[in-house]
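The values are calculated or read from the model by the stated rules, or taken from the named source; none is laboratory data. Everything numeric in this text was worked out from a predicted model, so none of it was measured. Neighbour counts run over all protein chains shown; Cβ positions are idealised from the backbone, glycine included.
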Amino acid sequence: MKALIFDSGALINLSMNGLLYILEPLKKNFPGKFLITKQVKYEVVDRPLGIQKFELGALMVRNLIDSGVIEMSSSSGISDETIEIGTKEFMQKANHSLSYKGNWMQVVSDAEMSCLALSRELGKKDVECMIAIDERTTRMLCEDPKKLTDIMSNKMHQKIKLAARNYSPKDFKFIRSTELVYVAFKKGYVNIKGKEALEALLYATKFHGSSVSFEEIEQLKKL
């Protein structure tokens, strides 16, 4: 059994690029579930449904839920309350990892942390999990917090301190919308063809929020 857990950023990226349709064929060839938490659903469906600018994207994601392509985390036998408890725990850890001038930095959202909480609970059931997340901070807090502090210090022109390393790099596995689009293109699930198409797709994910570097895109193009 496997699970791919979606954070809101990855779904929004696919939506803004008109690529949500690739999830259905990807799901058909995936030996497991595509999951979202209640917190992610709030960010990609419930809240934007009331905003005209984002209503269409919310309806498209809701359609994927209604059709069973994406399932709620409760379908895996894990209660919303369990996820809520784990989300609060991970929020506490993440927001007590980095400090600036003696003050803790609030660096993550509850939707992102709910994905970590779900991944941990599924891991207890021996479900192999990967989290689709485009935002850099959560991923680097888990994989390389020292590098994150260097990046943030350079960006802010201020010294950011790493107060604690609260995660093991082995705790979670991540994938970005960029890699999902790459796989979909290679499998023939993308509606556009041609030698320029892959480059255009990869850069589109970058410019809509995926924390992928220019160098990484060039590497993907060569694979």
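Could you look through region 125-172, keep only residues that are exposed (fewer than 15 other Cβ atoms within 10 Å of the Cβ) and modelled with pLDDT of 90 or more, and pick out the one that is nearest to G86 (Cα to Cα)? Restricting to residues being exposed (fewer than 15 other Cβ atoms within 10 Å of the Cβ) and modelled with pLDDT of 90 or more, the top hit is K125.
Those residues that are among the aliphatic types (A, V, I, L, M) and under 22 Å from S15 (Cα atoms), I need them from region 203-223; list them, please.
As a first pass, look at region 203-223 and keep what is among the aliphatic types (A, V, I, L, M): 204, 212, 217, 220, 223.
Once the filter is applied, which keeps residues that are among the aliphatic types (A, V, I, L, M) and under 22 Å from S15 (Cα atoms), region 203-223 yields A204, V212, I217, L220.
The residue of region 192-208 that is farthest from L20 (Cα to Cα), among those that are modelled with pLDDT under 95 and surrounded by 10 or more Cβ atoms within 10 Å (Cβ to Cβ), is K193.
Within the set K146, K206, K193, the sole residue that is without any contact (Cβ under 8 Å) to a residue 24 or more places away in the chain, of a type in the set (K, R) and over 17 Å from V108 (Cα atoms) turns out to be K193. When S67, S79, S99, S74 are checked against the criterion of being of a type in the set (G, A, S), out of contact with any Ser or Thr (no Cβ under 8 Å at 6 or more places or on another chain) and surrounded by 15 or more Cβ atoms within 10 Å (Cβ to Cβ), S99 stands alone in meeting it.
May I ask you to verify whether T82 is in contact (Cβ under 8 Å) with a residue 40 or more places away in the chain, among the polar types (S, T, N, Q), touching a helix residue (DSSP H, G or I) at 6+ places or on another chain (Cβ under 8 Å) and assigned to a helix (DSSP H, G or I)?
Values: in contact (Cβ under 8 Å) with a residue 40 or more places away in the chain: no; among the polar types (S, T, N, Q): yes; touching a helix residue (DSSP H, G or I) at 6+ places or on another chain (Cβ under 8 Å): yes; assigned to a helix (DSSP H, G or I): yes.
Criteria not met by T82.
Only residues that are within 14 Å of E71 (Cβ to Cβ), touching a Ser or Thr at 6+ places or on another chain (Cβ under 6 Å) and not β-branched (V, I, T) were counted across region 2-58, and they come to 1.
Scanning region 102-152 for residues that are more than 16 Å from the chain's Cα centre (by Cα), part of a loop (DSSP other than H, G, I, E, B) and either small (G, A, S) or within 13 Å of L35 (Cα to Cα) (or both) turns up G102, V127. Can you confirm whether Q39 is farther than 30 Å from L198 by Cβ, over 19 Å from the mean Cα position of the chain (by Cα) and part of a helix (DSSP H, G or I)? No: the conditions fail for Q39.
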